[in-house]
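Below is one structure, written out as structure tokens; the observations come after it.
What follows is calculated from the coordinates using simple rules that are stated; it is not laboratory data. Quick caveat: nothing in here was measured; it's all calculated off a predicted structure. A quick note on method: Cβ atoms are made from the backbone with ideal geometry, for glycine too, and the neighbour counts reach across all protein chains shown.
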């Protein structure tokens with residue numbers, strides 16, 4: 001019995017398929033991975049983050065983007081849909097379609113139980129390859145915990161942990177502080 005060979009997709013083939021698809025898929029190592037629907041808490045936290053970022057960044061050269069916009073780690077992928085990101089200055093797109101950005105400054109991921117290991121492991125390792133990225137913020141949906149990773153001048157990443165609703169997540173790369181109580185507002 002022979003096993004079915006995996007279909008390897010080029011980044012261009014992935015984008016061609018993805019741009020016509022009715023559902024979102026991420027791309028890593030030549031493969032597409034369909035994204036499953038999230039929980040209510042995942043959605044509420046993501047919306048809270050976008051609302052906070054939009055309000056706090058108003059009037060600056062930075063802006064927030066939601067999970068409708070893809071980020072490309074390199075021209076050859078991987079391609080991901082972060083739950084939120086901050087882009088500053090001139091936004092750089094992978095091509096003229098303007099649906100793939102290459103220069104996020106801060107990326108936010110809301111952890112799902114099924115993807116937590118990947119988001120904190122391999123995906124974070126891939127995100128570190130983005131030269132413009134200064135901070136990676138991981139928000140837990142099943143507990144009041146935010147992990148903020150900051151790229152230092154020497155290229156190393158420094159971790160900070162925030163828990164409790166009275167805390168504040170202060171970003172160092174953009175003038176923005178997010179109250180934990182507002183990130184988790186309305187969460188059961």
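Per-residue extension of 0.36 nm, minus the Cα-Cα distance of residue 43 and residue 114, leaves a gain of 24.0 nm for this segment. Computed over every Cα-Cα pair of the chain and binned at 10 Å starting from 0, the pair-distance distribution P(r) comes out as 9, 37, 37, 14, 3, 1, 0 percent. Here the simple spin-label model places points 7 Å from the Cα toward Cβ, and for residue 35 and residue 160 these points are separated by 2.7 nm. Here the gap between residue 95 and residue 63, fully extended at 0.36 nm per residue and compared with their Cα-Cα distance, gives a gain of 9.5 nm.
Across the stretch 1-104, the volume of the C-alpha convex hull divided among the residues equals 114 Å³ per residue. Over every Cα atom in the stretch 77-134, the radius of gyration and the widest Cα-Cα span, Dmax, amount to 11.9, 35 Å. Kirkwood-type hydrodynamic radius, the stretch 91-188: 14.5 Å, calculated from all non-identical alpha-carbon pairs.
Taking the longest Cα principal axis of the chain as reference, the axis of helix 11-20 is set at about 80 degrees. Calculated [222 nm] ellipticity per residue, helices only, for the chain: -6500 deg cm²/dmol; basis is -39500 (n - 2.57) per DSSP H run with n ≥ 4, divided by all residues, nearest 500.
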